[in-house]
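Here is the structure we will look at.
The values are calculated or read from the model by the stated rules, or taken from the named source; none is laboratory data. Computed from a predicted model, the values in this text were never measured in an experiment. Here Cβ is always computed from backbone atoms with ideal geometry, including for glycine, and neighbour counts include all displayed protein chains. Side chains are part of the model used for accessible areas, which takes the heavy atoms of the whole protein and leaves out ligands, DNA and RNA. Shrake-Rupley method; radii C 1.70, N 1.55, O 1.52, S 1.80 Å.
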Amino acid sequence: MTLLASLMLFGILGVLLLLGVPIALSIALSSVLTISLVLPFDVSIITAAQRLATGVDNFTILAIPLFVLAGTIMNNGGIAFKLINLAKVLVGRLPGSLAHTNVVGNMLFGSISGSSVAAAAAMGRIMTPMALRQNYSRTYTAAVNIASAPAGLLIPPSSMLIVYSLVSGGTSVAALFMAGYLPGILWGLAVMTVAYVYAKKRKYPVSEKISWKDRAFIAVDAIPSLLLIVIVIGGIVAGIFTATEGAAVAVLYALVLSLIYRQLKLDQFKTIFKETIEITGMILFLITASSLFSLVMSYTGIPSGISETLLSLTESTIVLLLIINLILLIMGTFMDITPAVLIFTPIFFPVITELGVDPVHFGIIIAFNLCIGNITPPVGSVLFVGTSVAKARLEDVIKMLVPYFIVLIIMVIVITFVPQISLFLPELFDLL
């Protein structure tokens, strides 16, 4: 029954996806048809309806729309310019300085907005004209922007890690948030390393020297934007408020800050709420459909069956983790991050539990792998947005991205087999 259910569940899901059916609907339909194998049809329909209703009945989920709203406000509130100016101060004297500015800007803005697509779009629109004026290659500029955009998904606050916390059975959000910092920074440094080599080879310029007085002014000007991360993450880690309450604080802070900067106009709120509702609706539908998917897998014994199969292949923890990484890397190229987290977490969680891998560490492994998929064809949303914003040729950008893919895959392996990179900060703050 487990084998038949597995074939039916994933077979129907694959066919529906190939036919172009929206992924949330594909997940729900394949789940209903599969559960009807083991339950009468009327009972399976009632069970599915109940699960769809209760799938988002969780207070922690409220953090997702709130963080989305905070990010949307920031996208429209002029905060990106403050962070780009700060990034120039930090890395402006390196060869290919605008590329490094783009990387640091994506790390800062992506972490605050919680969206790699928003970061790639915002940074691309600002940095591409500046880079072209200084004779940077359009393809090089697009590749750097695309490769660095997902770094902000690892650096908290991150909706992706909140979703993982829910699916994994309540892994500490605060611990996951702290665990994402060092891997996110390493992602940025890896991209900067490749960008530096390209810049030296092509003799790209450094930015003009900035006086210490101007540096101080720019740094102080960016402090209010950066304080959002300190207040929200600090409050969550210190136990002052929950992740949901922290998200509400982020909305209020972003709104007040945008009004102070006088970049937010009254007529923009319609667009802000529209974007927030669209993104939130998509995410919540995915979550509730995936909760039904998880129920079907659990009821038919699919996760335990997959776990037993993988564990029977080898007793080596190293080999099993490599297999899991390979599967996540491949599937990440075909799926968006949120549905991939929702589908593969319950499948692999029993395996990593058996292997003794820390759930927080595994959350970062999943996140890092799927972030790479976010910039790879054929479905990488950041790849297409970044290419479109830069008005570059897709095939040229993909070729330019190959060295970035190589260093990021190396980083996945390092993070997988050096768990302290992920666990150092959670342990330091006594969150584990």
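Descriptive notes on the structure:
- Here the simple spin-label model places points 7 Å from the Cα toward Cβ, and for Tyr299 and Val230 these points are separated by 5.1 nm.
- Options Tyr196, Val232, Leu408, ranked by Cα towards positive dipole end of the chain, top entry (Cβ charges): Tyr196
- Ranking by accessible area, most exposed first, for Ile375, Ile330 with a 1.4 Å probe: Ile330, Ile375
- Over 15 Å [Cα-Cα, segment 259-312], rounded percent: 69
- Highest mean first, the peptides 308-317, 421-430, 22-31 sorted by other C-beta atoms within 10 Å per residue fall in the order 22-31, 421-430, 308-317.
- With Cα atoms as the point set, the radius of gyration and Dmax of segment 83-159 evaluate to 11.4, 37 Å.
- Over the chain, dividing the summed -39,500 (n - 2.57) contributions of all DSSP H runs of at least 4 residues by the number of residues returns a 222 nm mean residue ellipticity of -26000 deg cm²/dmol.
- Paramagnetic label zone (point 7 Å from Cα along Cα-to-C-beta, Leu394; backbone N under 18 Å) in segment 346-383: 373-383
- Convex hull volume per residue for segment 351-408, taking Cα atoms only, in Å³: 94
- Percent of C-alpha pairs per 20 Å bin, the chain, short to long: 26, 57, 16, 1
- For the chain, size of Cβ-based charge dipole, Lys and Arg +1, Asp and Glu -1, in debye: 2100
- Segment Thr271-Leu252, length gained on full extension (0.36 nm per residue, minus Cα span): 5.1 nm
- Of all accessible heavy-atom area on the chain, the percent that carbon and sulfur account for (1.4 Å): 69
- Note on Lys200: lysines with a C-alpha under 21 Å away, same-chain residues under 8 apart excluded, are Lys88, Lys209, Lys399.
- Binning the C-alpha pair distances of segment 286-432 at 10 Å intervals from 0 yields a P(r) profile of 11, 34, 34, 18, 4 %, listed from the shortest bin outward.
- Per residue, the chain exposes 42 Å² of solvent-accessible protein surface, assessed with a 1.4 angstrom probe and all protein chains in place.
- Gyration tensor analysis over the Cα atoms of segment 1-93 returns equivalent ellipsoid semi-axes of 44, 19, 11 Å (largest first, whole Å).
- If R0 equals 35 Å, the separation of the Cβ atoms of Asn58 and Leu311 corresponds to a calculated FRET efficiency of about 0.70.
- Segment 129-227: C-alpha pair distances exceeding 16 Å, %: 70
- Set of aspartates and glutamates with alpha-carbon distance to Lys265 below 19 Å, sequence-local pairs under 8 removed: Glu275
- Full-stretch length increase - Val197, Thr333 - with 0.36 nm per residue and alpha-carbon distance subtracted: 46.3 nm
- Cα lying deepest toward the dipole's positive end in the chain, options Leu255, Gly124, Gln50, charges on Cβ: Gly124
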